[in-house]
Amino acid sequence: MTDRVIIFDTTLRDGEQSPGASMTKEEKLRIAKSLERMKVDVIEAGFPIASPGDFDSVKAIAETVTESTVCGLARAKKADIERAAEALAPAPQRRIHTFIASSPIHMEKKLGLTPDEVVEQAVAAVKLARGFTDNVEFSPEDAGRSEPDFLCRLIEAVIDAGAGTINIPDTVGYNVPWQFGALIKQLIERVPNADKAIFSVHCHNDLGLAVANSLDAVMNGARQVECTINGLGERAGNASLEEVVMALRTRRDVFNLDTNIDATQIVPTSRLVSSVTGFPIQPNKAIVGANAFAHESGIHQDGVIKNRETYEIMRAQDVGWSDNKIVLGKHSGRAAVKTRLEDLGVEIESQEALNEIFARFKDLADKKHEVFDDDLQALVSETEAAATEEKYRYIASRVVSETGETPKAEITLSIDGAEQQSSADGSGPVDAMFKAIENVANSGASLLLYSVNNVTDGTDSQGETTVRLSKDGRVVNGNGADTDVIIASAKAYISALNKLEASMPREHPQRGDV
């Protein structure tokens, strides 16, 4: 048992399982670099066998990340493990994470295997993985609903086979804190070779208890927590990395433990993940929400003015909220923009990329008086998206909407390099715009979500729009930002169309439910 908690981030794997949160390879790389700057111990980069795209993304991250351990998920199957090993081969520090279901309902109804067969398959998988790396993690899927006696038997066997990390997942978010903590304690006490492995937990948030369950597990001996930025994940999400880290740090008097995380990178990474996935952060979200350190009550304001600690248990700056009052405008130069981006942790890959971002910055600065940090993040996301989108490109548009008249939209698009124009009527200007785009795209996609959020305060703020489209079982998010929300909406729809064109279906429906 160590004096610190290992942070295992699965935003790029489990987080991507949120409907619409699919990310391109370039987006995953950008998030992986941000996680590395945050000093995350283990980055679960993906599920390599799921699709060629997943494999390429994991391999690219393995080639890029040097400070954090890069992990790939694999079912307890030979093909999965070999594919994961191939993708992870370039990583200086790599881990294979293999899993198989252990609850009675999963073994019988999903796998059709007996408990003996599950143990046999798990042991074989761990031994095979150890042939590629000394760093092997094993998860008994749905451990939260598994029989403790069988868990003890299974865990003992896989530790003997070479698993150095044993992860206990509450796959369906069924457990409550005292129950889950007691399970961890029982396993550590009962498994004879438990001292040869680090026990980990992976909690889902179906009952809103993922962070509480994770922390109770830590109190009972777990020394790795699997979590995601902003609590992203399928269904109700996973344990939120920022909440776990800051709970441990703020209440060291209770836990007597800490992590290696550079907490000043939490807010920038949170904003990055939100921008890439199109999942907005609720204002009252702990640590990273816009209201997390805001005080409106007169009593609270008076107390904070007299002494910050009267109503704040953390400093906003400690988790990455900037108190930098310098803003950029239309007279700012390229060097100032580059320096501010570097301060935000944004890496500019080339002079060409900087030139493109600066051109977009100048265009935005002509539309609004001040360009803030969040504006810059939105510009970077839009620039990176444009660099990878090829089939459709927004050129110009015109919208007419007046009281008593049917709204009409006209749009000019570049499709495979050729300009095409289209127009359509709609129930509103955005509806008309989307119909005009579809008149030439003919995608056959279904619109699942349309949302607009302001990037910063003020009436001249950029509107950041998210469009979620579905087609043939694929769900993608498109993002757009502009001071004109109609233009932002058009850009978001086009972004989603391009992702549908580029995305590849996964080879099997099971994406790693641990």
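Here, each number is a calculation from the coordinates, and none is a lab measurement. Predicted model, so just to flag it, every value in this text is computed and none were measured. Please note: Cβ atoms are built from the backbone with ideal geometry, for glycine as well, and neighbour counts cover all protein chains shown.
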| query | Projected onto the charge dipole of the chain (+1 at Lys/Arg Cβ, -1 at Asp/Glu Cβ, origin at the Cα centre), which of 443, 53, 283 gives the Cα projection farthest towards the positive end? | reply | 53
| remark: If every Lys and Arg gets +1 and every Asp and Glu gets -1 at its Cβ, then about the Cα centre the chain yields a dipole, in debye to the nearest 20, of 360 debye
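Express in % the proportion of alpha carbon pairs of the stretch 106-162 at distances exceeding 19 Å.
Details: 424 of 1596 pairs.
Roughly 27 percent, once rounded to a whole number.
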| said: Please report, ordered by residue number, every helix of the chain (full DSSP H runs) that is 24 Å or longer along its axis going by C-alpha atoms and whose mean Kyte-Doolittle hydropathy reaches 0.5. | reply: 485-502
| message | Let's see if you can work this out: charge +1 on each Lys and Arg Cβ, -1 on each Asp and Glu Cβ, no other charges. What is the dipole magnitude of the stretch 6-277 about its Cα centre, in debye to the nearest 20? | response | 320 debye
| Which value in deg cm²/dmol, rounded to the nearest 500, describes the helix-derived mean residue ellipticity at 222 nm for the chain, given -39,500 (n - 2.57) per DSSP H run of n ≥ 4 and division by the residue count? | -12000 deg cm²/dmol
| task | Kindly put 328, 187, 379 in sequence by how many other C-beta atoms sit within 10 Å of each C-beta, fewest to most. | result | 328, 187, 379
| task | Out of all DSSP beta bridges with both ends in the chain, state the antiparallel percent to the nearest 5. | result | 50 percent
| field | Largest-first principal axis extents of the Cα set of the chain (Å) | value | 73, 60, 46
| Gyration tensor verdict on the stretch 35-119 (Cα atoms; rounded if a/c is under 1.5, prolate if a/b is larger than b/c, oblate otherwise) | prolate
| task | Rank 140, 74, 115 by how far each Cα sits towards the positive end of the charge dipole of the stretch 37-148 (+1 on Lys, Arg Cβ; -1 on Asp, Glu Cβ) and give me just the farthest. | result | 74
| field | 14 Å beta-carbon shell around residue 114, net charge (K/R +1, D/E -1) | value | -2
| task | Using a 10 Å cut-off on Cβ atoms, rank the peptides 352-360, 34-42 from the highest mean neighbour count down. | result | 34-42, 352-360
| note | Taking 485-495, 18-28 and ranking on average Cβ neighbours within 10 Å, highest first, one gets 485-495, 18-28
| task | Over all alpha-carbon pairs of the stretch 6-277, lay out the pair-distance distribution in 10 Å bins, whole %, shortest bin first. | result | 7, 32, 39, 19, 2
| remark: Checking rank on 54-62, 75-83, 140-148, with mean other Cβ inside 10 Å and highest first, the result is 54-62, 140-148, 75-83
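Quick one: which of 435/471; 28/59; 33/338; 59/110; 28/362; 28/491 span more than 23 angstrom between C-alpha atoms?
Working: 435/471 17 Å; 28/59 11 Å; 33/338 18 Å; 59/110 30 Å; 28/362 27 Å; 28/491 21 Å.
Violating the 23 Å Cα-Cα cut-off are 59/110; 28/362.
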